[in-house]
Amino acid sequence: MAAKEKVLKFIDIFGDKMQEHRQALTDMDQAIGDGDHGINMSRGMKAVAEKREELAQKNISDLLKDVGMTLVSKVGGASGPLYGTAFLKASMVVKGKEELNAQDLSDMLKALEDGVVTRGKATTGEKTILDSLVPAIEAYDRALAAQKPIKEAMQEAEKAAFEGVEYTKTIIATKGRASYLGERSIGFQDPGATSMAYLIQSIQEAL
Ligand code: ADP
Ligand code: MG
């Protein structure tokens, strides 16, 4: 499969997962936020799915940019601009590329992180999207350095992302709405870290 088809497949899979886990993500956000994370993510990815034909006409960079702009414009919550900026940054690092190698994927993952950090000014350990994304990138890069094939590297990234989700249960939220709860946020899984783990899983499944 050509790289563009894989990117489109990843977007399809992620969209499906956001519909599938809509209620669970919303319930998680109900516990420590305002109960809309699943609604936000599913609404954003539904708007993306509605443009599927249009996206398929674009090159990799432009289609990722379109996904990012759609998320920024269609999602009201914090997650729209965070995910949207992540996709916009990813679109920049693959400008002009029609094929993607293992290193390009690493660059794209780091661009996602860069987008989230640029927008949200958080770091790991604050119970956010970064707590699944950053360990996933580290695991991916470790696997590549150990000469593992891309698919295996992404499987390790996926495992690390879901471990990161588990880790969010043990820490206090210091960014976003959940931070209003302070210590009472301990024990709850972070919805944004969870949706990001599904994004990593979607990339792995699309490969
Ligand atoms: P809102 O908080 O506006 O209701 P969502 O419910 O859609 O938006 O998203 C909440 C998620 O956003 C949180 O679970 C957290 O993972 C993530 N988040 C919030 N603030 C930040 C931030 N500054 N950086 C990274 N992720 C963040
Ligand atoms: Mg919310």
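So, with a 1.4 angstrom probe, what is the percent of accessible area on the range 3-206 that is carbon and sulfur?
The computed percentage sits at 51.
So between D114 and E183, what do we pick up on full extension, going 0.36 nm a residue minus the alpha carbon distance?
Fully extending the segment from D114 to E183 adds 22.1 nm.
A 20 angstrom limit on the alpha carbon distance is what I want to check against. Which of K58/K110; K4/K151; K6/K58; K4/K74; K89/K127; K17/K159 exceed it?
Listed pairs above 20 Å: K58/K110; K4/K74; K89/K127.
Rank A161, H37, A145 by how far each Cα sits towards the positive end of the charge dipole of the chain (+1 on Lys, Arg Cβ; -1 on Asp, Glu Cβ) and give me just the farthest.
The residue sitting most towards the positive pole is H37.
Give me the percent of Cα-Cα pairs in the range 3-206 that sit more than 26 Å apart, rounded to a whole number.
Everything past 26 Å amounts to 26 percent.
Just to be sure I understand the model, the point goes 7 Å from the Cα along the line to the Cβ. What's the resulting R142 to K51 distance in nm?
Placing both labels 7 Å along Cα→Cβ, they lie 3.6 nm apart.
Can you give the charge dipole size of the range 1-113 about its Cα centre, rounded to the nearest 20 debye, using +1 on the beta carbon of Lys and Arg and -1 on the beta carbon of Asp and Glu?
220
Name the residues whose placed amide hydrogens come within less than 5 Å of the amide hydrogen of I171, ignoring near sequence neighbours (fewer than 5 apart) on the same chain.
Residues meeting the criterion, in which the H sits 1.01 Å from N, are G187.
Determine how large the accessible area of R22 is when every protein chain is in place; take a 1.4 Å probe and give Å² rounded to the nearest 10.
Roughly 100 Å² of R22 is accessible to a 1.4 Å probe.
Would you kindly derive the ³J(HN,Hα) couplings of the range 58-70 from the backbone phi angles with the Karplus curve 6.51 cos²θ - 1.76 cosθ + 1.60 (θ = phi - 60°), listing them in order in whole Hz, with x for Gly and Pro?
9, 7, 4, 4, 5, 6, 5, 5, 4, 4, x, 5, 5
Between E98 and E20, with labels modelled 7 Å along Cα→Cβ, what's the label distance in nm to one decimal, could you check?
Label-label distance for E98 and E20, simple model: 3.3 nm.
So if I place +1 on the C-beta of Lys and Arg and -1 on the C-beta of Asp and Glu, and nothing else carries charge, what would the dipole magnitude of the chain be about its Cα centre? I want it in debye, nearest 20.
So the dipole magnitude of the chain works out to roughly 380 debye.
Heavy-atom accessible area per residue, the range 3-206, 1.4 Å probe: how many Å²?
45
The values are calculated or read from the model by the stated rules, or taken from the named source; none is laboratory data. Remember, it's a predicted structure, so these values are computed and weren't measured experimentally. Note that each Cβ is placed from the backbone with ideal geometry, even for glycine, and that neighbours are counted across all protein chains shown. The area values use the complete protein model at the heavy-atom level, side chains included, leaving out ligands, DNA and RNA. Shrake-Rupley method; radii C 1.70, N 1.55, O 1.52, S 1.80 Å.
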